[in-house]
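Structure first, then comments.
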Amino acid sequence: MKALGLVGARAPTGFTTSFHEPKQKRLRNNPFCVSCSSSSKTVQEQAKTVVLKSEYKPGVFDDFFLNLFRNKLVQEVGWDSQKPGYDGLIEVVNRLMKMGKTNSDTIEAAVRVLRALFPPFLLELYKIFIAPLGRGKIAAMMVARVTALTCQWLMGPCKVNSVELPDGTLCSSGVFVERCKYLEESKCVGICINTCKFPTQTFFKDHMGVPLLMEPNFADYSCQFKFGVLASPHEDDSVLKEPCLEICPNAAKRRTVARNIDVTTCPKT
C-alpha cells in the first residue's frame with residue numbers, strides 16, 4: 001500500500017518529466033531493480049559453492065604396492081599392458097574379465113591373485129590364531145586398519161569407521177571409501193563386482209577367517225567395507241541387479257545399437 005501511495009502522489013516540480021521518459025530508461029535507473037539484481041547475484045554465487053572432496057596424496061610405498069599387485073595380476077592373466085601405472089593396471093584387469101568363460105571363473109582368478117600377495121603360512125596362521133580372538137572382533141579391527149593404511153593407492157581416500165555387527169554391537173571394523181578410484185577408472189559395474197567385491201569377500205572369509213560385506217554405492221562411487229559381517233551368497237546379492245554406469249563405454253555402444261536388448265543391466269554381472 002505504501003508503494004501504491006508513492007506512485008499515485010504528485011511528482012515535485014522538476015521531476016515531472018522523469019515519468020515521461022522511456023520505460024527502459026526508468027527501469028535502468030530504478031534503485032529497486034538494482035537491488036533485485038544484486039540479491040540475485042548473491043544467490044547465484046551461493047549456489048555455485050562447491051564442496052571439495054579430499055584427494056589422496058601418494059605415499060612412499062604406493063609404487064611398491066601397485067607393482068606387486070600388477071605383477072601378480074599379470075602372472076594370472078599371462079599378459080601385460082604397455083601402459084604404465086594405474087592405466088596399465090586397469091587394462092590388465094579388463095583382460096582378466098575377458099578371459100573367464102563365466103563370472104565364477106573371473107572371481108576365482110581374482111581370489112588367486114589376492115592369495116598370491118601373501119606368504120601361504122601367514123594366511124593360515126592368521127586364520128588359526130588371530131581370527132578367533134574376541135569372537136572375531138580383534139581380527140576384524142586389525143584387517144580394517146591394514147586395509148585403510150595400505151590400499152588407498154588402489155581405492156583412493158578412505159578411513160576406518162564403526163559398523164554394526166550381527167550381534168547388534170558397534171565395532172570399529174569398517175572402512176569407508178569416499179570415492180573408489182578402482183570403480184571410477186574401470187567405469188564398469190561388472191569389473192567392480194567380479195574382480196573386487198566378490199573376490200575380496202571370499203578371500204577374507206575363506207583364507208583369513210574374517211567375514212566381510214562390501215557395499216559399493218554406484219551413485220557416488222563410495223564403498224563401505226564391513227569386516228565381521230557375513231555377506232550373502234553371490235547369487236542372492238542385490239548388487240547383481242545394478243544397471244550399467246552412465247560412463248561405461250561398453251554400455252554407451254550397446255545403447256546405440258540396441259533394439260530388443262535390455263541395456264539397463266550390466267552384461268558382466
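Just so you know, all these numbers are worked out from the coordinates, no wet-lab data involved. In this text, all values refer to a predicted model and were calculated from it rather than measured experimentally. Using ideal geometry, Cβ is built from the backbone for each residue, glycine included, and neighbour counts are taken over all protein chains shown.
Computed from point charges on the beta carbon alone (+1 for Lys and Arg, -1 for Asp and Glu), the dipole magnitude for the stretch 112-179 about its Cα centre is near 160 Debye. Using the structure shown, list the pairs from Lys83/Lys187; Lys72/Lys101; Lys72/Lys197; Lys57/Lys205; Lys72/Lys98 with a Cα-Cα distance above 27 Å, or answer none. Too far apart for the 27 Å limit: Lys57/Lys205. The distance between label points at Gln75 and Leu240 comes to 3.2 nm (points 7 Å beyond Cα on the Cα→Cβ vector). Within the same chain, aspartates and glutamates fewer than 8 places from Lys159 are excluded, and of the rest, those with a Cα less than 16 Å from its Cα are Glu55, Glu178, Glu215.
Rounded, prolate or oblate, given the Cα gyration tensor of the stretch 62-257, with a/c below 1.5 counting as rounded? The shape class here is prolate. The relative contact order of the stretch 151-215, computed from alpha carbon pairs under 8 Å that lie at least 6 residues apart in sequence, is 22 percent. Close amide H contacts of Asn161 (hydrogens built in the peptide plane, cut-off under 5 Å, sequence separation of 5 or more or a different chain): Gly174, Val175, Phe176.
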